[in-house]
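Written out below as structure tokens is the structure these notes cover.
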Amino acid sequence: MVWEWLTEDVSRWITVDLWGLISGHPWWGGLIAIGTLTTLILLAKLLSFLFGAGTYAYAYVGNDEDSTVTPGEAVDPDVLTFKMKQLAAMSATGFDQACADLLARDGFRSTRRVGGAGDLGVDVTARDRDDRLLILQCKQYSSPVGSGHVQKFNGTARLHHGADVPIMIGLNGFTQPAIHFAAHHDLILMGRPELKRWAHGQHLYEVLGIPSTTQ
């Protein structure tokens, strides 16, 4: 009975009654077309919001407390940037990928996210234009990174991975013992202020004061 209703009554309504209404009243056809198009546009925006929001944002002028853009300043719409709130809301994997994306934005080569089980202290690798190897470990902790994590990174970054530029990133900074240890062993720490400048468009080496012959 249902199949008969679908194949006969419903199909007749679509092919005969509805088409007759549209052909007899052209303005009905226009309204249906506009309504269909509007529905599709709204559906596309909804899907984009649900599945694409929070991945990354572009530099903008506004009142966000994380923004470093001066009102009225010209903004390059092609510069990839992240707000600190976005970085904090990401998964650990997403945070690693954001750091890899920022390296690619700055012109680093062979950028690759490695982090995972058994990564031995490396989350992202890349090479700069002087062919130096960067090893990044990215910590998205809600509290400052302690000395123990920095010591582990020191044990693998250069000895195991052969890093020329070992960098540990702490979303919420580092403890004082961690900072002292890193300074003693020539490890580069990027705390929240430096990460904020990098995420908002400044080149990594400019933020960290690292010289480059080609930058």
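Run the accessible area of the stretch 76-162 with a 1.4 Å probe and give the carbon-and-sulfur part as a rounded percent.
49
So which of Lys152/Lys196; Lys83/Lys152; Lys85/Lys196 end up more than 20 Å apart by C-alpha?
Lys152/Lys196; Lys83/Lys152
Can you give me the C-alpha center-to-center distance between the stretch 182-199 and the stretch 93-172, rounded to a whole angstrom?
11
Might you tell me the accessible area per residue for the stretch 135-175, computed with a 1.4 Å probe and given in Å²?
Ligands and nucleic acids excluded, the result is 40 Å² per residue.
In Å, what is the Rg of the alpha-carbon atoms in the stretch 105-214, and how long is Dmax?
13.1, 36
Just to make sure I understand: if all protein chains stay in place, what is the order of Lys85, Lys139 by accessible area at 1.4 Å, largest first?
The ranking, largest first, comes out as Lys85, Lys139.
Would you pull out the residues with amide H under 5 Å of Met190's amide H, same chain only if 5 or more places away, H placed 1.01 Å from N?
Met168, Ile169, Gly170
The values are calculated or read from the model by the stated rules, or taken from the named source; none is laboratory data. Keep in mind the model is a prediction, meaning the values are calculated, not measured. Note: accessible area is taken over every heavy atom of the protein model, side chains too, but ligands, DNA and RNA are not part of it. Shrake-Rupley method; radii C 1.70, N 1.55, O 1.52, S 1.80 Å.
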